[in-house]
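The values are calculated or read from the model by the stated rules, or taken from the named source; none is laboratory data. What you are looking at is a predicted structure, and each value in this text was computed from that prediction instead of being measured. No Cβ is skipped: glycine too gets one built from the backbone with ideal geometry, and neighbour counts run over all protein chains shown. All accessible areas refer to the heavy atoms of the entire protein, side chains included, with ligands and DNA or RNA removed. Shrake-Rupley method; radii C 1.70, N 1.55, O 1.52, S 1.80 Å.
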Amino acid sequence: MGSQGGFGQSKEFLDLIKSIGESRSKAEEDRIVLREVETLKVRLNDPNTPKYKLKEYIIRLLYVEMLGHDASFGYIHAVKMTHDENLLLKRTGYLAVTLFLNEDHDLIILIVNTIQKDLKSDNFLVVCAALNAVCRLINEETIPAVLPQVVDLLGHQKEAVRKKAVMALHRFSQKAPGSVSHLVSNFRKKLCDNDPGVMGAALCPLFDLINADADKYKDLVVSFVNILKQVAERRLPKSYDYHQMPAPFIQIKLLKILSLLGTGDKKASEQMYTIVGDIMRKCDSTSNIGNAILYESICCVSSLHPNPKLLEAAADAIAKFLKSDSHNLKYLGIDALTRLIKINPEIAEQHQLAVIDCLEDPDDTLKRKTFDLLYKMTNSSNVEVIVDRMIEYMISINDSHYKTEIASRCVELAEQFAPNNQWFIQTMNKVFEHAADLVNAKVAHNLMKLIAEGFGEDDDTADSQLRSSAVESYLRIMGEPKLPSAFLQVICWVLGEYGIADGKYSASYIIGKLCDVAEAHPDDDTVKAYAVTGIMKIYSFEIASGKPVDLLPECQSLIEEMLASHSTDLQQRAYELQSIFTLDAQAAKKIMPMDSTCDDIEIDKNLSFLDVYVQQAIENGAQPYIPESERLGISSVSDFRSHDEHEPSTHALRFEAYELPKPSLPHNIPPVLASSTELVPVEPSYVIDILHPTSAPSASDAGSSELKLRLDGVQKKWGRPTYSSPAPSSSSTDLVKVQNETPRPDSTGSSKPKTRDTSYDSRKQQNEIPPEKQKLAASLFGGSSKSEGRHPPSQKNTKTQTHTSDKSRSSKASAPDTAVKPSQPPPDLLDLGEPSIASSVPSVDPFKQFEGLFDFTQETTPPASTGGVDGASKDSDFTSLFADMSLSAQSHIDPNPESNGLGGSKVEPSSPQLNKGPNLKEALEKDALVRQVGVTPSGQNPNLFKDLLG
Amino acid sequence: MIRGVIIINDQGKPRLIKFYEFQPPDKQQELVRSIYRVLCSRAENVSNFVKADSLFGPDVRLVYKTFATLYFVFIFDKSENELAMIDLMQVFVETLNKCFREVCELDIVFNFYKVHMILDEIILGGQVLETSSEEVANAVDAISRLEKNANSMIPSIPGWQR
């Protein structure tokens, strides 16, 4: 395989790699690559460049792009290469275009024709290359161009081609589900392809289809169970074994499919129990792949209708995972546990110590997985510990994505399970202090709403306690530097609303604090706006209660500063604040009622309060208002004019692209005003007019404007689009924001146990000492059995169900064959190698039997490749394909597969002892070359994947 | 499905980038850099999995393994099994080893074309196609032989084979 001496590439390429390897800085590397780009540009564009050189240039181009440089100038050459007759060049071309181009690239159109031709080629390697390209380059528009050929290839004689054709169809169904929906039966048919590899390939599209809609495929449950059974019983040729496990990837796919089909379906689940149980028993838990299957089985069990026996087996397997030293297995154990506690919340208790170990593990992935688990098992008895842990972790990490996620989870859990107000406020403060700008703005509004509404119970004292504790804690915190903006907004709002509500703090104290906030954040307009509105509220409360108010000097200067602000919003607020002082108590009470955030504001959309005014105006001789729709529809003349108005522009040059048709744009300009010489942006009605110049113009127009009018009728009442806000004085926006959130009944339903069994603080100290782990465990898991929160105790009476499976199975009308199947060993597709069985049941065609399972296909013809051939010849055909299989099939129970030459070489493909002897010299040479080339300046021996197979 | 396969060396230089859903070149570079950063921060003897939802969207994970100076990285979503991906990676590396005899970083750099060929036989369109390194090596051999034959019409030049 010829990497002797050099690496089979030209000296130029070698030099390029070498110089890049030796470059000391990114700038130097960039210079080298740019020089290379220039060289390639010249060479590729030179018509005299010999073809055989082209391949290398394209490869070098790929290399350049991989290093992050623009190689788009060469794309066209790659496309040209796909047209070449020479296989090597063609394949290189295909490789390059699949890496260079995306499916919507303009050049694709130049390739489609070649792909079409190559799909029909006699050379299956050409076909394979084309199928590779199809998977990557064909988009929704071009699918029809290649679809017929790809479907034809499903019957190709080479199984490699059939396999790839199935994959290509799968890709189509991913990209444009509609395009191949009529071909779904092909996937079902391919399940009984006589090559297990093709069958395995068909599982991929079926998995996706079942994921989208499981109900359509319930009839396949029996078939999948049967296939899985045959695979697990080692009926497949030995060559499908991997590390002594029979076709593990197929097993995993099948288990995934079964878990989709069995979710929430008791009848289907019952058909699967036996085989899933068998697989769990048979799994070799010493090999990686064995554990992969075991893990997949647990996932399957957790989504099937619960079965106590399987759940027990799954719990045992999880225990094994968690006890393992391998972090990978621990990770899977935690993941599996997360799935299983949905069914059985108690199961976590047995593993509490292991879980806590994982929580303290240095491995971040494992830690996060464990937090996922904790999040799922939180209830009101362990919420304090869990949220505390989460916050601690949140503070320690920098990854803003995960910080956001975990902060939102903390908020969610705190809202749902908070044991008391004080804890809740404290927790929220901590979250906001560290991550307020990361969490969704909605969270801040939720917090304000929660403080305003209380916990949804009619307990006013508790609500006001909540508010006072919030105010108190905010007054304490707000002096700290670098608080996130969102947190300051919450603080300002709460202080404004409730700062003086309980009479503990004087108005001037709160106002002083709010002025400080505004002063300390001169660049943050939002915070300043919140602060000023807070001040305004406090003043108006004071005025309303009849107390004498005097403007604090710092407040005065704040107002003055804001009156000169660039932000019109701040200006407006400052003016409003100023005018508050001129009001009497009655008016102040009216515009800023105390504690009114939860009151609904009724909006009179008809503006009926203006009726009197309008009436007066009309009496005084004003023109009555005519709605726009009437103005347009009243006479066809006006319509005609609006129709006309666009006409000239069709003849003029148009500089704008056609817009996508939009549903009814409101015409803001009265049609008469529009000058006909102007360039008008193309509007949908215009397009319609052009297309149907003779059709009655009024119908669509009037209809759309009618709809338009209804939408924004409030603003159009006076025919002026600029008229914006109906309210005479705009109340503070934050107030409106909170109020606008439709008040919904608080669904959190949190209970508020006033007593806590363990003290929060003492627990925190205890975390350091090892016996403490036990306590942590107790606080985490102790309460889970009496959990009341999110895990309602799942009542399942599974025991009664296990024995009804036979009945349900026979009642399944769609698969009559299978009811008989269990009584005798099923002669099946994959077991043809065993001549003794074949002779003992001569009348049975194994293929026919297998196809019987799939009565939906309705045709008894076998897959098209051998179409029409009778069973006997197929038999021989198949045995010749897998000639070695008879050998292996007989010895498949043989515990020592090494005796079988095939199996032995398969499992350990290149044991170092065998290969290293003769290759040592070569390896050393390579090593020397590597050093010389300087790809790895670190100087350690870069080659020899010694750790790989040992 | 498998979203992508990446090989980077221990200094963050990409050696193979293959995404099964198109990513523009700039994005590719950025992803490689972020992945490299994450991998560097991982301690030894920890799990081979990393959550990659901040880079690729919800439920996307990556599994990585170091072989000598190279990081092999597979990126995939929840329709694949993590442990099985490790084994798939093993198949890939075993096949490389077979095709190059004691594969090293330079083999991969220079035989870029062949590495892609091998990968294409294992994964197609983001789905696992073949998991027997024997089969893959045979297929790759067959292709190489045919290509060579097709090539024999072209005058062979010293220093440029295959």
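General remarks:
- Per the listing B:N81, B:N111, B:N97, the residue uniquely closer than 30 Å to A:L924 by Cβ and either at pLDDT 90 or above or within 12 Å of the chain's Cα centre (by Cα) (or both) is B:N97.
- Selected residue (only one of A:N113, A:N132, A:N139 is within 29 Å of the chain's Cα centre (by Cα) and not in a loop (DSSP other than H, G, I, E, B)): A:N132
- Inspection of the stretch A:306-313 identifies at least one residue that is polar (S, T, N, Q) and more than 13 Å from every other protein chain (Cβ to nearest Cβ).
- Pairs where the first residue, in the stretch A:600-621, is open to solvent by less than 100 Å² (accessible area, probe 1.4 Å) and the second is modelled with pLDDT under 80 and of a type in the set (V, I, T), C-beta under 9 Å, 6+ apart: A:L607/A:V714
- Residue list for the stretch A:259-269, restricted to those being touching a Ser or Thr at 6+ places or on another chain (Cβ under 9 Å) and either open to solvent by less than 10 Å² (accessible area, probe 1.4 Å) or part of a loop (DSSP other than H, G, I, E, B) (or both): A:L261, A:G262, A:T263, A:G264, A:S269
- For B:F110, the conditions (1) under 30 Å from A:E22 (Cβ atoms); (2) more than 9 Å from chain A (Cβ to nearest Cβ) all hold with the exception of (2).
- Looking only at the stretch A:353-370, and only at residues there that are within 14 Å of A:A777 (Cα to Cα), without any contact (Cβ under 8 Å) to a residue 40 or more places away in the chain and not charged (D, E, K, R), the one that is surrounded by the most Cβ atoms within 10 Å (Cβ to Cβ): A:T370
- Of the criteria (1) touching a residue at least 12 places away in the same chain (Cβ under 8 Å); (2) more than 12 Å from chain B (Cβ to nearest Cβ); (3) in a helix (DSSP H, G or I), which one A:F249 fails: (2)
- Candidates B:L124, B:L146, filtered to the one that is open to solvent by 30 Å² or more (accessible area, probe 1.4 Å), facing another protein chain (nearest Cβ under 7 Å) and either under 16 Å from B:G4 (Cβ atoms) or out of contact with any Pro (no Cβ under 9 Å at 6 or more places or on another chain) (or both): B:L146
- One residue from A:S223, A:S239, A:S179, A:S185 being hydroxyl-bearing (S, T, Y) and within 17 Å of A:I275 (Cβ to Cβ): A:S223
- The one condition in (1) more than 30 Å from A:D104 (Cβ to Cβ); (2) within 14 Å of chain B (Cβ to nearest Cβ) that A:F224 fails to fulfil: (2)
- Looking across the stretch A:23-46, just one residue is at pLDDT below 85 and either closer than 21 Å to B:D107 by Cβ or surrounded by 13 or more Cβ atoms within 10 Å (Cβ to Cβ) (or both), and that is A:S23.
Table: residues versus (1) at pLDDT below 85; (2) in contact with a Cys (Cβ under 7 Å, 6 or more places away or on another chain); (3) not small (G, A, S).
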site	(1), (2), (3)
A:I406	no, no, yes
A:E415	yes, no, yes
A:N420	yes, no, yes
A:K430	no, no, yes
A:A435	yes, no, no
A:L447	yes, no, yes
A:L450	yes, no, yes
A:R467	yes, no, yes
A:Y474	no, no, yes
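- Residues (in contact (Cβ under 8 Å) with a residue 40 or more places away in the chain and open to solvent by less than 10 Å² (accessible area, probe 1.4 Å)) located in the stretch A:205-229: A:L206, A:I210, A:L220, A:V221, A:S223, A:L228
Yes/no per residue for (1) more than 31 Å from the chain's Cα centre (by Cα); (2) open to solvent by 10 Å² or more (accessible area, probe 1.4 Å); (3) among the β-branched types (V, I, T):
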site: A:E433; (1), (2), (3): no, yes, no
site: A:K442; (1), (2), (3): no, yes, no
site: A:T461; (1), (2), (3): yes, yes, yes
site: A:S464; (1), (2), (3): yes, yes, no
site: A:E472; (1), (2), (3): yes, yes, no
site: A:R476; (1), (2), (3): yes, yes, no
site: A:P484; (1), (2), (3): no, yes, no
site: A:F487; (1), (2), (3): no, no, no
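- Unique residue being more than 9 Å from chain B (Cβ to nearest Cβ), at pLDDT below 90 and not in a loop (DSSP other than H, G, I, E, B) when the list is A:V126, A:V151, A:V146, A:V161: A:V126
- Within the stretch A:103-143, the set of residues being in contact with a Ser or Thr (Cβ under 7 Å, 6 or more places away or on another chain) and open to solvent by 20 Å² or more (accessible area, probe 1.4 Å) comprises A:N132, A:R136, A:E140.
- Within the stretch A:358-377, the residues that satisfy the criterion of being basic (K, R) and under 14 Å from A:A348 (Cβ atoms) are A:K369, A:K376.
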